[in-house]
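Read the structure below first, then the notes.
The values are calculated or read from the model by the stated rules, or taken from the named source; none is laboratory data. Just so it is clear, the model here is predicted, and its values are computed rather than measured. Using ideal geometry, Cβ is built from the backbone for each residue, glycine included, and neighbour counts are taken over all protein chains shown. SASA here: full protein model, heavy atoms, side chains in, ligands and nucleic acids out. Shrake-Rupley method; radii C 1.70, N 1.55, O 1.52, S 1.80 Å.
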Amino acid sequence: MKTAEIRQKFLDFYASKGHTIEPSASLVPHNDKTLLFVNAGMVPFKDVFSGIEKRPYTRAASCQRCVRAGGKHNDLENVGYTARHHTFFEMLGNFSFGDYFKREAIQYAWEFLTVEIGLPKEKLWISVFEEDDEAEDIWVNEIGFPRNRISRCGAKDNFWQMGDTGPCGPSSEIFYDHGEDIAGGPPGHADEDGDRYIEIWNLVFMQYDRDKQGHLNPLPKPSVDTGMGLERLAAIMQD
């Protein structure tokens, strides 16, 4: 499956779920002095998440060009040391602005990966924030995912924030197992930095807005921000 096909399948899938498809924004963010480059798919929607900006929809999806070469999410030091890090990449994402929350975000991701593009279920591994019982319950009791392939991880891995301030919240990540012939362990294990288990999709459950004092203030409406690496998914689909 060519990369262009994967990109279009993703956008078409979320359009069928009532999402407005937004084009990729400029790599240089406008009206945002906190970033040198757009480093995630949610950046063009920051003001929507925080309630400053209103748009005529509550669901969106995009394929956003990103650069991680500076700031909080900086991948420069990983390039060349792993098989999965780029500075420039495309981030597939779906977003809910006070519409759906954890349940639908998880259900949509599972359906896209296992039905729409046909990834084998037994090759997937899940991580959740260590305090997020709700997300784990959805994975186990509604999706039917085996509990023994779910890792509970701390804030470093499963509590997402774009910068020192702004929208943030716990996350659930989906990993692909490239096989035992590649070194590395699942998330939360001592050898998790190997290339066997590759994170492909991060489902962020936006619940808070972190202020300059570091306080977490509840967002007006809980929201969803997801990001999946187009190149990482292409690497799987193209073997």
Region 68-89, subset part of a strand (DSSP E or B) and either of a type in the set (Gly, Ala, Ser) or closer than 18 Å to THR3 by Cβ (or both), residue farthest from the chain's Cα centre (by Cα):
PHE88
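So in region 23-59, with the set limited to residues that are of a type in the set (D, E, K, R) and more than 17 Å from the chain's Cα centre (by Cα), which one is surrounded by the fewest Cβ atoms within 10 Å (Cβ to Cβ)? Full working, then the answer.
If we filter region 23-59 for residues that are of a type in the set (D, E, K, R), which is where we start, we get 32-33, 46-47, 53-55, 59.
From what is left, the residues that are more than 17 Å from the chain's Cα centre (by Cα) are 32-33, 47, 53-55.
Working: ASP32: 15, LYS33: 6, ASP47: 15, GLU53: 11, LYS54: 8, ARG55: 12.
Only one residue fits best here, namely LYS33.
Of the residues that make up region 91-104, is at least one of a type outside the set (Phe, Trp, Tyr), within 16 Å of ILE200 (Cβ to Cβ) and not in a strand (DSSP E or B)? Walk me through how you get there before you give the answer.
Here is the first cut: in region 91-104, the ones of a type outside the set (Phe, Trp, Tyr) are 91-94, 96, 98-99, 102-104.
Retained after the next criterion (residues that are within 16 Å of ILE200 (Cβ to Cβ)): 91-94.
Applying the additional criterion that residues be not in a strand (DSSP E or B) yields none.
Looking for residues that are of a type outside the set (Phe, Trp, Tyr), within 16 Å of ILE200 (Cβ to Cβ) and not in a strand (DSSP E or B), one finds none in region 91-104, hence no.
Consider region 199-239. How many of its residues are among the hydrophobic types (A, V, I, L, M, F, W, C), open to solvent by 10 Å² or more (accessible area, probe 1.4 Å) and under 12 Å from GLN161 (Cα atoms)?
Quick first cut of region 199-239, residues among the hydrophobic types (A, V, I, L, M, F, W, C) only: 200-201, 203-206, 216, 219, 224, 228, 230, 233-237.
Still in the running and open to solvent by 10 Å² or more (accessible area, probe 1.4 Å): 216, 219, 235-237.
The next check asks that each one be under 12 Å from GLN161 (Cα atoms); those that pass are 216.
Number of matching residues: 1.
Would you say ASP239 is closer than 23 Å to PHE89 by Cα and in contact (Cβ under 8 Å) with a residue 12 or more places away in the chain? Spell out how you get there, then give the answer.
On the way: closer than 23 Å to PHE89 by Cα: yes; in contact (Cβ under 8 Å) with a residue 12 or more places away in the chain: no.
No: the conditions fail for ASP239.
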Determine whether region 41-49 contains at least one residue that is assigned to a loop (DSSP other than H, G, I, E, B) and touching a residue at least 12 places away in the same chain (Cβ under 8 Å).
yes
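Filter the strands (runs of 3 or more DSSP E) completely within region 116-194 down to those with at least 2 residues that are open to solvent by less than 20 Å² (accessible area, probe 1.4 Å) and in contact with a Cys (Cβ under 8 Å, 6 or more places away or on another chain). Steps first, answer last, please.
Working: elements: 124-129, 150-153, 159-161, 166-177.
In region 116-194, 124-129 are the strands (runs of 3 or more DSSP E) which contain 2 or more residues that are open to solvent by less than 20 Å² (accessible area, probe 1.4 Å) and in contact with a Cys (Cβ under 8 Å, 6 or more places away or on another chain).
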